[in-house]
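Data block below; observations after.
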Amino acid sequence: MTTTQYDPSHPPRTALSGSNPKSFGYATLQSRLPVIVSKIVDDVYRSYNGLQDSDPNKKEKEVEAKGIIEAIGGLRYELQRDKPFRPLKDSLPDVAEWNQALADHFATSSWFKASWLFAECYLYRRIREAFALTQYWHDYDPFFRQKQTVFKSSQTAVVAIAVRLMSPTNNTAGDNEEESKKTEEIKSLSSLDILVSQGPESEGTREAFFELSQVCLWGNATDLSLLDNPDLAKVEELQRRVMMSNTSSPAPSTPASGSAASSKNSSRVSLDKQALEPQHGEQQEISELEKHAEKILQNDTGLLWEKVKTMRNGRVDIILDNAGFELYVDLVFADYLIRAGFASKVIFHAKNIPWFVSDVMPFDFQWTLDQLHKPTTPFFNPNELSEQQALKDLGQRWQSYVDQGVWEVTTHDFWTSCYAFYHLPTLPSAQDLFQDMKQSDLWIFKGDLNYRKLVYDCQWPTTTPFTDAIGPLGSREDVPSLVSFRTCKADVVVGLKEGVEEKVQKEEKNWMVNGEYAVISFSP
């Protein structure tokens, strides 16, 4: 079967499905999704009970809210009893394509019999339907409160990273006049600006790349669709792994396939090193990033660096995953690409409907920037004035990128369709998206669902090369280089070397789904 013959009911390998009681797909359909659906009912109930008597449309809103609650309750009933799928009833632009896919591929199927990928995507599209059929709740996001709460719990990590990106280092003077002069020149720069100050291929720029790649990766660990009842202490613990070392020195890069330390400008790195190394014999701590490096089971950071270091003022497309802290570190990585000169344009692909609980919508993107520099009542409340200033400066910097068109946020129905990314080059409704994205130098796919859609969410052997598992996106010459940053939360992983699966399985039987392990997978 050629790649053009694959379809949602006939992926390249046996589809992951809820029909297997031992699978994570079954656990998701059986336990996780009913909880998520129930929380929607709670959220809507809370919102309509909070309506003010002065609202002239209060009665109509209450009637519609009760209809939404009834629809969501019916959806949960269908899911838990494995009822057949039904066509969508709203009039959104993508409804015809969804219903056609349903008729062509799953006309007689049901929640636990269809592919897990289709069933889960269909659930969130049905949730959207419940609101789309109303007048006053049409654009309501039933997951926004959860996104807001978890981002609020991220203050420690958010502030620490903002300080590294924006606050002056104010290092002490050197031992002689020449060193003192050099230190004076850079002490007003932030740690990141010092690292990239020697140029795109300098050792400092490379070190920042390896560190921030891991920050970008582990930000994906906090996924609200996987945390049925998010423990905010657990969320903070997950975020500690992306905390940069307490000193200003970057974490040593993790060796990866294709990586090689650059010797270019080696004589000029000493300025960075002096400014960043611990002073007076202080011993550097091992960062959380270093502690978790061995859990990156496929680490193509080196191959990715070989691509990125050749880019000058290029275009990067980031297909986003979660709002909140993960979005924040995605913006950090995008900021680095701009500051280092690798990119002059970053396009962020968000979702146009509430999706998998915490996925980024355009409102979430702008709201995140606003919380850093705009609110009358600060969203984050760090104690130090320097920390408050770092947040404000960072938010203003990022807002200027948006205002100047350096950063752009866009959406497309393809990202919330039932189709795997194999179909991006050929699906008629996605041709405008693909033709535009072909102009990019690099695609960055964030998170678990994007990974599942890249590899068609099926039962690949773990040693299958990533470039093979992504089908046409790995073989077509008109597809730019791409990378997937993904913490493992579904029972499909590819690109591993022989013996890795067996070794990890002995250490942690749930390694594929618990979010503790990760991959950085690159296709040139």
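The values are calculated or read from the model by the stated rules, or taken from the named source; none is laboratory data. Bear in mind the structure is a predicted one, so any value in this text is a computation, not a measurement. So basically every Cβ, Gly included, is an ideal-geometry build from the backbone, and we count neighbours across all protein chains shown. Surface areas here come from the heavy atoms of the whole protein model, side chains and all, with no ligands, DNA or RNA. Shrake-Rupley method; radii C 1.70, N 1.55, O 1.52, S 1.80 Å.
Which entries in K39/K66; K291/K345; K39/K351; K392/K446; K351/K489; K22/K489 show an alpha-carbon gap greater than 23 Å? Long pairs (Cα-Cα over 23 Å): K291/K345; K392/K446. Only one residue of L29, P87, L75 has its Cα farthest out toward the positive end of the dipole of the stretch 1-125, where Lys and Arg carry +1 and Asp and Glu -1 on Cβ, and that residue is L29.
By its C-alpha gyration tensor, with a ≥ b ≥ c as the square roots of the eigenvalues, how is the stretch 400-524 shaped: rounded for a/c under 1.5, else prolate for a/b larger than b/c, else oblate?
prolate
For the stretch 313-358, the residue among L320, L337, A350 whose Cα projects farthest onto the positive side of the dipole built from Cβ charges is L337.
A crude spin-label estimate for the pair K392 and T426, with each label 7 Å from Cα along the Cβ direction, gives 5.5 nm. Note that the stretch 481-498 has calculated 3J(HN,Hα) couplings of 4, 9, 9, 10, 9, 8, 8, 6, 9, 8, 7, 9, 9, 10, x, 8, 6, 4 Hz, one per residue in order, obtained from phi through the Karplus relation 6.51 cos²θ - 1.76 cosθ + 1.60 (θ = phi - 60°); glycine and proline are x.
In terms of its alpha-carbon gyration tensor, the stretch 1-148 comes out prolate; a/c meets the 1.5 threshold, and the first ratio a/b outweighs b/c. Relative to the Cα centre, the charge distribution of the stretch 1-107, modelled as +1 at Lys and Arg Cβ and -1 at Asp and Glu Cβ, gives a dipole magnitude of about 480 debye.
Within the assembled protein chains, the solvent-accessible surface assigned to D53 is about 130 Å², based on a 1.4 Å probe. In order along the stretch 32-49, phi translates into HN-Hα couplings of 6, 5, x, 5, 4, 5, 5, 5, 5, 4, 4, 5, 5, 4, 5, 5, 6, 6 Hz, rounded to whole numbers, per the Karplus curve 6.51 cos²θ - 1.76 cosθ + 1.60 with θ = phi - 60° and x for Gly and Pro.
Is the stretch 427-474 rounded, prolate or oblate when judged by the Cα gyration tensor, a ≥ b ≥ c being the square roots of its eigenvalues, rounded requiring a/c under 1.5 and prolate requiring a/b larger than b/c? Note, shape of the stretch 427-474 comes out prolate.
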